[in-house]
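K.L.:
Structure below; questions to follow.
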Amino acid sequence: MKTARTRILQVISFAGLGLSIVPSFLVFGGVLSKELYFHLMTAGMLMWFSTAVFWIRKDHLG
Amino acid sequence: MFPVGWRGLLSGVDGTGGIFYKREFEPHDKIFRFEREQGDMSTKTQSTPASVPSKVKSTLIERLDALYEYDREPVHESKLQGWRTFIAMFSSEHIAGTEFVLGTLLVLHGVRAVDVFGGLALGNLLAVLSWAFMCAPIAVKERLTIYWQIRKIAGPYLTVLYSGLFALILCLLAGSMVNVSTTAVTLPLGIASPNYAAGQTVPSVPWILIAVGVGTAIAVLAVLGFERLAHFAKVVAPWMPFVFLSGAIASLPSLGVTGLGNFWQIANEKIWTGEPYPGQMPYRFWHCVGLAWLCNIAQHMGMGDVTIFRYARKWQMGFCSAFGMFIGHYMAWICSGVLCAAFVHAQREAGAAAPNPTPGNIAMFGAGYAGIVCVLLAGWTTANPTLYRAGLAFQVATPNWRRWAVTLAAGILMIVTACIPAVLHYLDRIVAYYGLFFMPLGAFIFIDFWLFPRLGLSRYYAERRGLRFSWPAAIGWFGSFGICFVLYAKDQYASMAWVNSYLPGFLSRYKPDLFLQVLPAWLIAIVLYTVCSMIQQRLHPLREEQTI
């Protein structure tokens, strides 16, 4: 069963993935500058890596 | 590209790919158990210096067998995996650093938009069907690794040769991954990457030093922390497709795309223009089909993936490969093509005479530092297991060497490869050669399984007769590759043009590209192997006790 901590980490991770894709559509639509988009991509990357590493399990297959 | 991940070693070029199969399914403790055994073997070998050459040969085979000893038996039913496992594995496995290269190469070779969208769709569909109808059904019925399948059909000598050559190609692929990662490290440092198309065939000294540093770090980490890195690679995988897609979408406005309405027009005018860049041969629809189908052919038609699909509950799980193909080899290649065109366009607008669309440059252009990190990690996480497996394979032939020494030696080969810009420039050709070379052995497995019983031929003939060398397999393997290579080379290399004068008219007029040789190579392989096997089994039929 997922703990509350895991859920919070997952929310942050998926928000990071969201930040890694949504801003590009805003750039395409002319709503966002490319500089700000770069910053948001970096933020999304940091959010993903700082949290996903704790809840993505190692493989124990085989 | 290649499934060369922790995710799919012997994978690969994706490989960096792979071929190479040490995937998630095989717990790493098997490797460590093997290494302990190797240590024991080394001790024994050292204590018996009077080994004679024939003894060395036999122990080479024994050592290779020991490496795969824990996979000798078919997979037990309790270890079978469901759909989610295979979907997740394929989705994550087929995005590697080389995706930044292959999508770019298609642009440089002047494909048209319809070639890319249609050709890659067809090629990837053929790859998926090959996995689903050729590889997976045999895997779930036999439930054996590729190593043991080849061993039963071709005998131990050819299996050792297969493993050794495969280790070499692993080093080459790992080198291309290091090259990709190096372009990401050098960019922020202001060191220009070599532009092979502009005649820079040797990198600058600072670039080589960075490549040596990156390669050494990868080699050292491959020795020290395989399991932890395997976990990290799994964390990286879901994020990378987002960077590809995001970078491409954000780059479209710089090419003038304002919406879906003018996308196709701009795609044909500025991205996939139909005009190859200087020094590049033109690619068309069938080149795209062939590249998409060929780049993992060692895994599907070459049967490398029987090693992972032996864990599948049903053969239909072969269709899970669609997730890898259409994310990694369709979406990612198209996105890197867009990134390449946007970068080149922007550079030319800025007055650059010879833009250099390296992975680092195009990723930085499309996604900023996140793109740089993506390139670095895409190269690193795929180069590492590739190198690890290459080291493991080489250790079989060098039992007196310590594990770390063999891996570092393989790392040196990898670093040398990384410092050759031509490797990335011709990566698509290298992938084609590698696919055509290793594919015939998979064709033998396919034919041995489906056709031999119908022809009244014995399956696993080499194993049943205790043969160390199967000459039908050798003729089929080298004959298929040799014929296809000569048919290609006769029109590509002046030194081979004489071949045309000895060929019948229809063959001298036949001018196939490497990418168009998938089916001919497969057919030649199975015809040679089947005919030679009929002769062999007619001359030396199995005795009654050998048929069991």
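Values in this text are rule-based calculations from the coordinates and carry no lab data. These numbers were taken from a predicted model, which means no experiment stands behind them. Virtual Cβ from ideal backbone geometry, glycine too; neighbours counted across all protein chains shown.
K.L.:
Take the Cβ-Cβ distance between B:W404 and B:L168 as r, set R0 to 22 Å, and report the resulting FRET efficiency rounded to the nearest 0.05.
P.N.:
Details: r = 20 Å, r/R0 = 0.90.
That gives a FRET efficiency of 0.65.
K.L.:
A further question on this structure: For segment B:106-161, what class follows from the C-alpha gyration tensor (a ≥ b ≥ c being the square roots of its eigenvalues): rounded when a/c is under 1.5, otherwise prolate if a/b is larger than b/c, else oblate? Walk me through the intermediate numbers first.
P.N.:
Details: a/c = 6.07, a/b = 2.11, b/c = 2.88.
Because a/c hits 1.5 or more and a/b fails to exceed b/c, segment B:106-161 counts as oblate.
K.L.:
For B:Q81, what residues show an amide H to amide H distance below 5 Å, using hydrogens built from the backbone and excluding near sequence neighbours?
P.N.:
Amide H neighbours of B:Q81: B:A312, B:R313.
K.L.:
Next up: Put +1 on the Cβ of every Lys and Arg and -1 on every Asp and Glu Cβ in segment B:451-546; which of B:P541, B:Y461, B:F485 then has its Cα farthest towards the positive end of the dipole?
P.N.:
Of the candidates, B:P541 comes out farthest on the positive side.
K.L.:
Can you give the three extents of the C-alpha atoms in segment B:314-382 along their principal axes, from longest to shortest, in whole Å?
P.N.:
Principal extents (largest minus smallest coordinate, Cα): 57, 21, 16 Å.
K.L.:
Need the C-alpha centroid separation for segment B:454-530 versus segment B:87-108, integer Å.
P.N.:
The distance from the Cα centre of segment B:454-530 to that of segment B:87-108 comes to 29 Å.
K.L.:
Further question on the same structure: Between B:K141 and B:R468, what is the label-to-label distance in nm when each label sits 7 Å out along the Cα-to-Cβ direction?
P.N.:
Between B:K141 and B:R468, the simple spin-label model gives 3.2 nm.
K.L.:
If you average the alpha carbon positions of segment A:41-58 and of segment B:268-324, how far apart do those two centres end up, in angstrom?
P.N.:
Spelled out, the Cα-based centre of one part sits 30 Å from the other.
K.L.:
Taking every residue in B:240-249, how many Cβ atoms of other protein chains lie within 10 Å of its Cβ, on average? Provide the component values of the computation, followed by the final result.
P.N.:
Values: counts 1, 3, 12, 6, 0, 4, 13, 3, 2, 9.
Mean inter-chain Cβ contacts per residue within 10 Å come to 5.
K.L.:
Right, here's the next one. Quick one: length gained pulling B:N195 to B:R429 fully straight, 0.36 nm per residue minus the C-alpha distance?
P.N.:
Values: separation 234, 0.36 × 234 = 84.24 nm, distance 1.81 nm.
Result for the pair: 82.4 nm of gain on full extension.
K.L.:
Right, something else. FRET efficiency for B:A489 and B:I412, Cβ-Cβ distance as r, R0 = 22 Å, nearest 0.05? Present the calculation step by step, with values, prior to reporting the outcome.
P.N.:
Values: r = 30 Å, r/R0 = 1.38.
Efficiency for this residue pair is about 0.15.
K.L.:
Next question, about the same structure. Sort largest first and round to whole Å: the equivalent ellipsoid semi-axes of segment B:128-225, each the square root of five times a Cα gyration tensor eigenvalue. Don't jump to the answer; show the numbers that get you there.
P.N.:
Values: eigenvalues 299, 54, 41 Å².
Each semi-axis is the square root of five times an eigenvalue, giving 39, 16, 14 Å.
K.L.:
So, one more: Given points 7 Å out from each Cα along the Cα-Cβ axis, report the B:Y277 to B:Y510 separation in nanometres with one decimal.
P.N.:
Spacing of the two 7 Å Cα→Cβ label points: 3.4 nm.
K.L.:
Where the Cα atoms of segment B:412-464 are projected onto their three principal axes, how long is each span, largest first, in whole Å?
P.N.:
Largest to smallest, the principal-axis extents are 52, 22, 9 Å.
K.L.:
In addition: Work out, step by step, the length gained on full extension between B:V114 and B:R459: first 0.36 nm times the residue separation, then minus their alpha carbon distance; give nm to one decimal. If you can, show how the numbers build up before the last one.
P.N.:
On the way: separation 345, 0.36 × 345 = 124.20 nm, distance 4.44 nm.
Contour length minus Cα-Cα distance gives 119.8 nm.
K.L.:
Taking N as the number of residues in segment B:28-429, what value does Rg over Cα atoms divided by 2.2 N^0.38 Å take? Numbers along the way, then the final one.
P.N.:
Values: Rg = 22.1 Å, N = 402, 2.2 N^0.38 = 21.5 Å.
Rg over 2.2 N^0.38 Å, computed on Cα atoms: 1.03.
K.L.:
Set the Förster radius R0 to 60 Å, insert the Cβ-Cβ distance between B:V202 and B:K79 as r into 1/(1 + (r/R0)^6), and round the FRET efficiency to 0.05.
P.N.:
Numbers: r = 50 Å, r/R0 = 0.83.
Between B:V202 and B:K79 the formula returns 0.75.
K.L.:
Apply the Kirkwood formula to segment B:451-546: the hydrodynamic radius equals the inverse of the mean of 1/r over all pairs of different alpha-carbon atoms; give it in Å with one decimal. Show your work: numbers first, answer last.
P.N.:
Working: mean 1/r = 0.0657 Å⁻¹.
Radius from the Kirkwood sum: 15.2 Å.
K.L.:
Shape verdict for segment B:176-262, please, from the Cα gyration tensor: rounded (a/c under 1.5), prolate (a/b greater than b/c) or oblate. Let's see the in-between values first.
P.N.:
On the way: a/c = 3.36, a/b = 1.28, b/c = 2.63.
Oblate.
K.L.:
OK, next. Could you sort B:240-249, B:521-530 so that the peptide with the highest average Cβ count within 10 Å comes first and the rest follow in order? If you can, show how the numbers build up before the last one.
P.N.:
Details: B:240-249: 25.8, B:521-530: 21.9.
Going from most to least packed, we get B:240-249, B:521-530.
K.L.:
Follow-up question, since we're still on this one. Once you average over the residues of B:371-379, how many Cβ atoms of partner chains fall within 10 Å of each Cβ?
P.N.:
That average works out to 2.
K.L.:
So if I take the centroid of the Cα atoms in segment B:231-254 and the same for segment B:384-444, what is the distance between those two points in Å?
P.N.:
Each part reduced to its Cα centre gives a spacing of 27 Å.
K.L.:
Hey, another quick one. Tell me, in nm to one decimal, what length is gained between B:A497 and B:T258 on full extension, where the rule is 0.36 nm per residue of separation less the Cα-Cα distance? Could you put the intermediate results ahead of the total?
P.N.:
Numbers: separation 239, 0.36 × 239 = 86.04 nm, distance 4.97 nm.
Stretched fully, the B:A497-B:T258 segment lengthens by 81.1 nm.
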